[in-house]
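A quick write-up on the structure given underneath.
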Amino acid sequence: MLNNILKNKLILIFFFCLIYALAFSAAVSAAEEPGDNYILTADQITFMEAAGIVIFEGNASFKSSDFVVESNKMTVDTNTKTVKSSEKVVIHSDKNDIYGDSLTYNYESEEGKLYGAEGSLGELNFSGKTLKILSVTPIKAEINSAAFTPCIREDPHYHYKAKEIKINEDGTLDIFHIVPYLWKIPVFYLPYYSATYDPDDEEKPLKSTYPMPKFGYDSDRGITAELNYPYQLSQRSSGEIYYLTEGRDYDRYELRRFTNNYKLTDRLTFKNRYDYLYNYDLDDEELDDHEEEFFSSLEYNAGKYALEAGIGQDLMAEDEDNERYLFAGHYYFDNGLNTSFRQEYNFDWKRVKERYIMSYNQHSINWNLKYIDGESYNYYPYLTLNLPPLMGVRTTLGTGRVENGGVELNKERVNLRYNFAYPLGAGLSYHLGYSYRLDHYRSSYDYNYYYTTLNTGFRYNKRLNQKVGLNSSLFFEKNYPWGKSPLPDDREDQDRLIKPALSLNIDRDLKQSSYSISVNADYDLDLEDWDEINLRLTQKEDCYNLYLNYEFIDQSISFGFEI
């Protein structure tokens, strides 16, 4: 046994694919890929030649191209190709840090276990009895006996416990046997929940994170509620339940969606889908949309291409047209061209709806070609081009034949959009947003329809002291249409608004918690009257918001709870 303790900090580069030849070299060089290189550093390094063991003590670090493991003491076994630490461990990556009580990791298979794991994914803080590392590139892991919460305080307002969390290669999180807790009280049970993690999205890396219904109340529209529940009954059966309601009686917005996918084989899936939509427009005092349909189908999906066939009912259609056959599919080309189609027939084989789409988005000029029939706005067909920005101006061009409101014609569209912001100093900034739209109608018509929007004004932000911040803004908004449009859905409203806003934010002692009082209003210059004036009080915690809003013009009160 050779026991040689180096008192100064050393750096030893291990090329593990050649570990037996190079285990006891102080410095090495070889033509290997960077992914094969691991760098270990420590204040003291002890070699045990007979056992094939290297012990790193004092600021020990194990570094790869994807992550860094730090601990006070680590042991490397060159025979089993494992790194072990029985002391506190932290794993650093570009996006997150994970802490643990001890670690066992096989650097050849990229598998291991972190015991007593704690860390975060975006705004979600988690802990688990065991974090099982299944793969590092790409990341794949399992957490047993897990608890997680967006709260940062030691006694969170609410948290969740789960028997197991799976972090998948595609960025999804599967959470099994989950129980939400309000403080320390369990409120209900879910067998499964799913969330999506995107580390590149800095604002909201986690999607559909919290399986908790959202509630609110408006004295004008009534109770509002929203529930989104992706579920999985087994490895083959999964789906989603979504419900949203705003308002009451007939003047409401309500959306229900239920899907279930059952995998018969790896490529063949039995799909069921139910959709319901009720949309009453309060401004126009008319029913905009009322739809309800159900379909069952079989889909063969091979990745690049898929084919689907099924039957269903349009529950809002006339009796002779409500039963439908469904045929759909897609093909994705390697060069970035995407194609898809969907057709619906009644039981007399009369085509009721059809949709064909081709798109390409792998170039500076992206395009979309669509043919749609059987909807309220149809395209026979219509081509849209998205041009690259030029001096900050984004341009979209469209041409084709369309139909809306019983009128069919040829239509060309030009859409220009520009946004600009300039800091003036001392917390003051100037903002400008402008868009221009031209619709040209041909066939039996020869009309032009124009629509411009201008939104310009100033923002001012100032810290009055360490805890109090003042935010204010004053904007002018003008929406102006002119010309003739024979298509109802192309027509826009005209208005000119002055929009002042003022808010005072008071930070609390706890991080990410504050009180705020804000006022915002719209003054209609054409009517020479206030369109709305809102006073809003908000208590912001690290993981939820409580708000109370009063609208002076309508004299309505709303309040709610936001997660």
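The values are calculated or read from the model by the stated rules, or taken from the named source; none is laboratory data. Every value quoted in this text rests on a predicted model; they were computed, and no experiment measured them. Here the Cβ is made from the backbone with ideal geometry for all residues, glycine too, and neighbour counts use every protein chain on show. We work out accessible area using only protein heavy atoms, side chains counted, and drop any ligands, DNA or RNA first. Shrake-Rupley method; radii C 1.70, N 1.55, O 1.52, S 1.80 Å.
Please report the Cα spread of the chain along all three principal axes, rounded to whole Å, starting with the longest.
96, 66, 53
In nm, to one decimal, how far is the Arg267 label point from the Ser135 one, both placed 7 Å along Cα→Cβ?
In this crude spin-label approximation the distance works out to 2.1 nm.
Which value in nm describes the separation of the simple spin-label points at Asp284 and Glu323, placed 7 Å from the Cα toward the beta carbon?
Distance between label points: 3.4 nm.
How much accessible area does Lys540 have with a 1.4 Å probe, in Å² rounded to the nearest 10?
100
Using a simple charge model, +1 on the beta-carbon of Lys and Arg, -1 on the beta-carbon of Asp and Glu, nothing else, what dipole does the chain show about its Cα centre, in debye to the nearest 20?
Details: 58 positive and 89 negative charges, 500 e Å.
So the magnitude is around 2400 debye.
Considering the Cα positions of the range 371-472, please state its Rg to one decimal place and its Dmax as a whole number of Å.
20.7, 66
At 1.4 Å probe size, with no ligands or nucleic acids counted, give the accessible surface of Leu535 in Å², nearest ten.
Estimated to the nearest 10 Å², Leu535 gives 50 Å².
Using Cα positions and a limit of under 19 Å, work out the lysines in reach of Lys540, with same-chain residues fewer than 8 apart set aside.
Candidates past the 8-residue exclusion: Lys204, Lys214, Lys467, Lys511.
If I model a spin label as a point 7 Å beyond the Cα along the Cα-Cβ vector, how far apart are those points for Gln555 and Tyr447 in nm?
Rounded to a tenth, the inter-label distance reads 4.1 nm.
As a test question: what accessible area, to the nearest 10 Å², does Arg496 have when a 1.4 Å probe is rolled over all protein chains in place?
Accessible area of Arg496: about 80 Å².
Please find the FRET efficiency linking Asn410 to Tyr430, where r is the Cβ-Cβ separation and R0 is fixed at 51 Å, and quote it to the nearest 0.05. Write out the running numbers ahead of the final one.
Details: r = 41 Å, r/R0 = 0.80.
Given R0 = 51 Å and the Cβ-Cβ separation, E is 0.80.
In nm, what is the difference between 0.36 nm times the number of residues separating Val187 and Glu375 and their Cα-Cα distance? If you can, show how the numbers build up before the last one.
Working: separation 188, 0.36 × 188 = 67.68 nm, distance 4.30 nm.
Extra length available between Val187 and Glu375 comes to 63.4 nm.
Can you tell me, using C-alpha contacts under 8 Å and at least 6 residues apart, the relative contact order of the chain as a whole percent? It would help to have the intermediate numbers written out before the result.
Working: 1490 pairs, mean separation 26.2, N = 563.
Taking the mean separation of contacting Cα pairs over the length of the chain, I get 5 percent.
Expressed in nm to one decimal, what extension gain is obtained for the pair Leu390 and Gln512 from 0.36 nm per residue of sequence separation less their Cα-Cα distance?
Numbers: separation 122, 0.36 × 122 = 43.92 nm, distance 3.95 nm.
Between Leu390 and Gln512, full extension yields 40.0 nm more.
On full extension of the chain, what length is gained from Asn335 through Arg257, given 0.36 nm per residue of separation minus the C-alpha to C-alpha distance? Spell out each step's value before the answer.
Values: separation 78, 0.36 × 78 = 28.08 nm, distance 3.42 nm.
Length difference between fully extended and current span is 24.7 nm.
Can you pull the percent of the range 248-299's accessible area that's carbon plus sulfur, 1.4 Å probe, other chains left in place? Walk me through the numbers before you get to the answer.
Working: 1470 of 3230 Å².
Answer for the range 248-299 is 45 percent, counting heavy atoms of protein chains only.
Rounded to a whole number, what is D in µm²/s for the range 38-155 from Stokes-Einstein with the Kirkwood radius over alpha-carbon pairs (10 °C, 1.306 mPa s)?
Details: Rh = 14.8 Å.
Rounded to a whole number, D works out at 107 µm²/s.
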